[in-house]
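K.L.:
Just dropping this structure here.
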Amino acid sequence: MVYPGQLHYSQFKAKTLKRPIDEPGRKLRVVCVGAGISGLTTIVRFNEHLGKDVDIQVYEKNEDVGGVWLENRYPGVACDIPAPCFAFLFEDNPNWSSYYAGGKEINQYIKRVATKYRLQKYVKFQHWVEQAQWDETRGTWKLNVHDRTTDTHIQDEADILILAWGMLNNWVFPNVPGLHSFRGEYMHTAAYDENFDPAGKTVALVGGGSTGVQVLPHMQKAARKVHHYMRSQNWIAPVGFGANELEARGALSEGNFSYPETERQKWFHDPESYHHYRRQIEDGIMAYMAESGLTYGSEEQMMMEKNFRGHMIKMLETKPQVLKTLLPDFPPGCRRLVPGPGYLEAVVQDNVEWIPEQIERVTEEGILTVDGKEHKCDAIVWATGFVCRFDVIGRDGITWNQVMDPEPESYLGSFVDKMPNCFLYFGPNCAPGAGNAYLCAETECELMISCVKKMLREKIKSICVKSERVKQYTAHVDEYLKKTIFGQPCRSWFKRGNPTGRNIAYYPGNSLNLMFAQRNPRWEDFEYTYLDELEGNPMCWLANGYTVADYDGSSRTMYLDPVNIDYPPVPESEPEQNHSLTNGHKVDKVAAIGMFQTPS
Ligand SMILES: Cc1cc2nc3c(=O)[nH]c(=O)nc-3n(C[C@H](O)[C@H](O)[C@H](O)COP(=O)(O)OP(=O)(O)OC[C@H]3O[C@@H](n4cnc5c(N)ncnc54)[C@H](O)[C@@H]3O)c2cc1C
Ligand SMILES: NC(=O)c1ccc[n+]([C@@H]2O[C@H](COP(=O)([O-])OP(=O)(O)OC[C@H]3O[C@@H](n4cnc5c(N)ncnc54)[C@H](OP(=O)(O)O)[C@@H]3O)[C@@H](O)[C@H]2O)c1
């Protein structure tokens, strides 16, 4: 029977490829931009899971690996989640000197891992990717790279473009009139001059986000006077993430503690016990991201707000004018929660002047605020955050900026509209409320690998998220976040400075939810083009009808390797029936398993 309009197979071409189904017939060139933790994760995992099928080239604008942790050298730079959880999943570090480790130590750790796994050989340092343009016909990205070692420009071509360029990497000075007319020293925290000596000087510190909060306690002690410009509200948490451990060690008031040498030695010699310790700490962070903690108005969240409010009121007793402008009217967490050991203590010191007014312009001698006052100073430290990016031109000539206007959008934080064969780390709405950045990078990478495997397997030329799906993801995120602390009105880079704007940073759920979503790709959310050799018939991916094992002498019965057999559980049975039949023989269950499996 034929229904009206039914197709006939003879309408389609069907070319039989000459190679086996599992022989990709090509090696994909993967170019990754950035050698921070995301770029390094890419090298490790792509090599491990894609091996000879890919050829990886990483371009890194800096002279070394580390990204954020190499660049940010301002006084006080440290991680804000416990160091045991701030590590690659495959490389515990029993040697952290303190609970919240400093930036330099984090960078040393990253470098050690890179050296151990010999990752540097995949990286061209001091190579700045300046442009990437999609070529639809070839199904590749054309790249323009500035080699700063020779001051020359090179071209490259990639089947896959991975943007591990960091969501908080590109720093710029804020757009403040006269900024460069200042006669004294001035610097951004992400390019901090470590030779700068604040002793005896009046230093302006602009900004009180996560960075400014870390800088102030150090600057207050070192400088003669600090002008602290903080124009918006911010919750300063009495304790950071993972506070239970601080409490257990009697270090709540210090907000950090050092690990005794004996403990580090013990862990060094007994990695399992350290791993157990890490899990216990990380479990506490995961527990913070339970529904009750993130839902706006929940009992737990109200309690947290009450505690934070009490803490700030108490700490700022002597400077009520600071409390007036700093105490938020939004819930904790809406802006990045800032655990600021020593920040409020520093704010109330006599040598710190709190300046909440907007900056009108910078003069040759200081900063003029909108109330008409000029605050003279010797140096200015701009702790004013980061912006985005280089030129990426995707499908149909659509640029990155066009896609990201009026607001950055993505799909699961990893895929961007009109950007085929392009994977992104830490893109818009990828970040769970708190947790381990390494875990995010790891699972994002897992999803990328799944995509590349699919491309190789099914002879896909391009994979690109459907435009509609990006919008649907964004709609879901927006609706979801409204119910959480992250969707409430507050001024933050998460909302691009607009208190009532859409939150562009957070993921609609916690880390475990994100991991589940990334491990289960919805292939129907993507559109594909296929290699020309399939001549328009994707079913020709079945190739010559055989597999590599039919040719290369490897086992044709690998499906009988115990590791490949999915042994079903044998139901508990009555004592007299406690036997099962295998190949017609009566075999004891334990013995049967023992035949194939080595004891653990
Ligand atoms: C000061 C600071 C402190 C932080 N603290 C924490 C914390 O405590 N906990 C936490 O979870 N997160 C923290 N973060 C977030 C941090 O961004 C992540 O933890 C993580 O380090 C990001 O790693 P990444 O590899 O994705 O990006 P990055 O570390 O930013 O690395 C990106 C790399 O790409 C390179 N690159 C960028 N553009 C180009 C280009 N055009 N050409 C060539 N190379 C390029 C850069 O040089 C850089 O090396 C912090 C961020 C900052 C800025
Ligand atoms: N260890 C850590 O955890 C750590 C440390 C540092 C950074 N980080 C990460 O990096 C992110 C960025 O932190 P950040 O502190 O560098 O940047 P940020 O959170 O964007 O804070 C920038 C600060 O500068 C102020 N500012 C910007 N432009 C200004 C101007 N023209 N005049 C006056 N003030 C101005 C901002 O005020 P408004 O808010 O009013 O705009 C804000 O107070 C954080 O959210 C966090 O994810 C983490």
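K.L.:
Suppose we filter the range 154-212 for residues that are assigned by TED's automatic domain parsing to the domain that holds residue 459, away from ligand 2 (no atom under 16 Å from the Cβ) and assigned to a loop (DSSP other than H, G, I, E, B); how many remain?
P.N.:
The total comes to 2.
K.L.:
Determine whether residue 251 is surrounded by 14 or more Cβ atoms within 10 Å (Cβ to Cβ), of a type in the set (A, V, I, L, M, F, W, C) and free of Cβ contacts under 8 Å to residues at least 60 places away in the same chain.
P.N.:
no
K.L.:
Restricting attention to the range 111-153, and to residues there that are among the aliphatic types (A, V, I, L, M) and in a strand (DSSP E or B), which single residue is nearest to residue 70 (Cα to Cα)?
P.N.:
Of all residues in the range 111-153, those among the aliphatic types (A, V, I, L, M) come to 113-114, 119, 123, 129, 132, 143, 145.
Narrowing the set further to residues that are in a strand (DSSP E or B) leaves 123, 129, 132, 143, 145.
Working: 123: 15, 129: 18, 132: 25, 143: 25, 145: 21 Å.
Filtering the range 111-153 for residues that are among the aliphatic types (A, V, I, L, M) and in a strand (DSSP E or B), the one nearest to residue 70 (Cα to Cα) comes out as 123.
Matching residues to (1) surrounded by fewer than 18 Cβ atoms within 10 Å (Cβ to Cβ); (2) touching a Leu at 6+ places or on another chain (Cβ under 9 Å); (3) among the hydrophobic types (A, V, I, L, M, F, W, C); (4) under 30 Å from residue 332 (Cβ atoms):
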site	(1), (2), (3), (4)
480	yes, no, no, yes
499	yes, no, no, yes
518	no, yes, no, yes
527	yes, no, no, no
534	no, yes, yes, no
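K.L.:
Output the residues belonging to the range 189-206 that are within 27 Å of the chain's Cα centre (by Cα) and either surrounded by 22 or more Cβ atoms within 10 Å (Cβ to Cβ) or free of Cβ contacts under 8 Å to residues at least 40 places away in the same chain (or both).
P.N.:
189, 190, 193, 206
K.L.:
Filter the range 222-248 down to the residues that are outside any loop (DSSP other than H, G, I, E, B), farther than 30 Å from residue 198 by Cα and either within 16 Å of ligand 1 (Cβ to nearest atom) or aromatic (Phe, Trp, Tyr) (or both) and list them by number.
P.N.:
Passing the criteria: 243, 245, 246.
K.L.:
Hey, another quick one. Please verify whether the range 167-174 includes one or more residues that are more than 15 Å from ligand 1 (Cβ to nearest atom) and within 30 Å of residue 414 (Cα to Cα).
P.N.:
Checked against the condition, which is being more than 15 Å from ligand 1 (Cβ to nearest atom) and within 30 Å of residue 414 (Cα to Cα), the range 167-174 yields at least one hit.
K.L.:
Look at residue 281 and say whether it is within 21 Å of residue 347 (Cβ to Cβ) and either loosely packed, with under 12 Cβ neighbours inside 10 Å or among the hydrophobic types (A, V, I, L, M, F, W, C) (or both).
P.N.:
It is false that residue 281 is within 21 Å of residue 347 (Cβ to Cβ) and either loosely packed, with under 12 Cβ neighbours inside 10 Å or among the hydrophobic types (A, V, I, L, M, F, W, C) (or both).
K.L.:
Follow-up. Going through 92, 55, 22 one at a time, which residue ends up being within 30 Å of residue 281 (Cα to Cα) and of a type in the set (Asp, Glu)?
P.N.:
92
K.L.:
Name the residues in the range 234-248 that are touching a helix residue (DSSP H, G or I) at 6+ places or on another chain (Cβ under 9 Å) and either surrounded by fewer than 18 Cβ atoms within 10 Å (Cβ to Cβ) or of a type in the set (D, E, K, R) (or both), would you?
P.N.:
Within the range 234-248, 244, 245 meet the criteria.
K.L.:
Which of the residues that make up the range 345-390 are touching a helix residue (DSSP H, G or I) at 6+ places or on another chain (Cβ under 9 Å) and without any contact (Cβ under 8 Å) to a residue 40 or more places away in the chain?
P.N.:
348
K.L.:
Only strands (runs of 3 or more DSSP E) wholly contained in the range 308-381 count here; list those with 1 or more residues that are over 31 Å from the mean Cα position of the chain (by Cα) and acidic (Asp, Glu).
P.N.:
352-355, 359-362, 374-376
K.L.:
Can you confirm whether residue 89 is surrounded by fewer than 21 Cβ atoms within 10 Å (Cβ to Cβ), under 30 Å from residue 546 (Cβ atoms), away from ligand 2 (no atom under 14 Å from the Cβ) and not charged (D, E, K, R)?
P.N.:
no
K.L.:
Within the range 101-109, does at least one residue satisfy the condition of being under 20 Å from residue 341 (Cα atoms) and in a loop (DSSP other than H, G, I, E, B)?
P.N.:
Checking the range 101-109: at least one residue is under 20 Å from residue 341 (Cα atoms) and in a loop (DSSP other than H, G, I, E, B).
K.L.:
Could you say which residue among 73, 118 is within 13 Å of ligand 2 (Cβ to nearest atom) and among the basic types (Lys, Arg)?
P.N.:
After applying the criteria, what remains is 73.
K.L.:
Something else now. Given the criterion more than 24 Å from residue 425 (Cβ to Cβ), at pLDDT 95 or above, assigned by TED's automatic domain parsing to the domain that holds residue 53 and within 15 Å of ligand 1 (Cβ to nearest atom), identify the matching residue among 149, 137. Give the derivation first.
P.N.:
Details: 137 fails: within 15 Å of ligand 1 (Cβ to nearest atom).
Step by step, each of 149, 137 is checked, and only 149 is more than 24 Å from residue 425 (Cβ to Cβ), at pLDDT 95 or above, assigned by TED's automatic domain parsing to the domain that holds residue 53 and within 15 Å of ligand 1 (Cβ to nearest atom).
K.L.:
To continue, here is another question. What residue, among those in the range 16-40 that are assigned to a loop (DSSP other than H, G, I, E, B) and β-branched (Val, Ile, Thr), is surrounded by the most Cβ atoms within 10 Å (Cβ to Cβ)?
P.N.:
First, pick out the residues of the range 16-40 that are assigned to a loop (DSSP other than H, G, I, E, B): 16-27, 34-36.
Then keep just the ones that are β-branched (Val, Ile, Thr); that gives 16, 21.
Numbers: 16: 9, 21: 17.
My answer is 21.
K.L.:
Let me ask something additional. Mind listing just one residue for me: the one in the range 1-15 that is in contact (Cβ under 8 Å) with a residue 24 or more places away in the chain and over 13 Å from residue 459 (Cβ atoms) and, of those, surrounded by the fewest Cβ atoms within 10 Å (Cβ to Cβ)?
P.N.:
By that ranking, first place goes to 13.
K.L.:
Looking only at the range 105-130, count how many residues are loosely packed, with under 15 Cβ neighbours inside 10 Å and more than 15 Å from residue 34 (Cβ to Cβ).
P.N.:
Count: 5.
K.L.:
Moving to a separate point now. Select from the range 62-74 the residues that are crowded, with 20+ Cβ neighbours inside 10 Å and either more than 11 Å from ligand 1 (Cβ to nearest atom) or more than 17 Å from the chain's Cα centre (by Cα) (or both) and list them in ascending order.
P.N.:
74
K.L.:
Could you please find all residues in the range 428-479 being β-branched (Val, Ile, Thr), in contact (Cβ under 8 Å) with a residue 60 or more places away in the chain and assigned to a helix (DSSP H, G or I)?
P.N.:
Just the residues of the range 428-479 that are β-branched (Val, Ile, Thr), to begin with: 443, 449, 452, 460, 463, 465, 470, 474, 477.
Those still in the list that are in contact (Cβ under 8 Å) with a residue 60 or more places away in the chain too: 443, 449, 452, 460, 463, 465, 470, 474.
Listed by number, the residues that qualify are 443, 449, 452, 470, 474.
K.L.:
Assess whether residue 522 counts as being basic (Lys, Arg) and assigned by TED's automatic domain parsing to the domain that holds residue 442.
P.N.:
Against the criterion (basic (Lys, Arg) and assigned by TED's automatic domain parsing to the domain that holds residue 442), residue 522 qualifies.
K.L.:
Next question, about the same structure. Has the range 257-271 got at least one residue that is surrounded by fewer than 18 Cβ atoms within 10 Å (Cβ to Cβ) and touching a strand residue (DSSP E or B) at 6+ places or on another chain (Cβ under 8 Å)? Give the steps one after another, and end with the answer.
P.N.:
Start the filter on the range 257-271 by keeping residues that are surrounded by fewer than 18 Cβ atoms within 10 Å (Cβ to Cβ), which leaves 257-258, 260-266, 268-271.
Keeping just the survivors that are touching a strand residue (DSSP E or B) at 6+ places or on another chain (Cβ under 8 Å) gives 257-258.
Looking for residues that are surrounded by fewer than 18 Cβ atoms within 10 Å (Cβ to Cβ) and touching a strand residue (DSSP E or B) at 6+ places or on another chain (Cβ under 8 Å), one finds at least one in the range 257-271, hence yes.
K.L.:
I'd like to know if the range 41-61 contains one or more residues that are assigned to a loop (DSSP other than H, G, I, E, B) and at negative phi.
P.N.:
yes
K.L.:
Could you please tell me which pairs satisfy a Cβ distance under 6 Å, a separation of 6+ or placement on different chains, a first residue in the range 489-508 that is of a type in the set (Val, Ile, Thr), and a second residue that is more than 10 Å from ligand 2 (Cβ to nearest atom) and modelled with pLDDT of 85 or more?
P.N.:
Qualifying pairs under 6 Å: 504/408; 504/428.
The values are calculated or read from the model by the stated rules, or taken from the named source; none is laboratory data. Given the structure is predicted, the values throughout are model-derived calculations rather than measurements. Cβ: placed from backbone, ideal geometry, glycine included. Neighbour counts: every protein chain shown.
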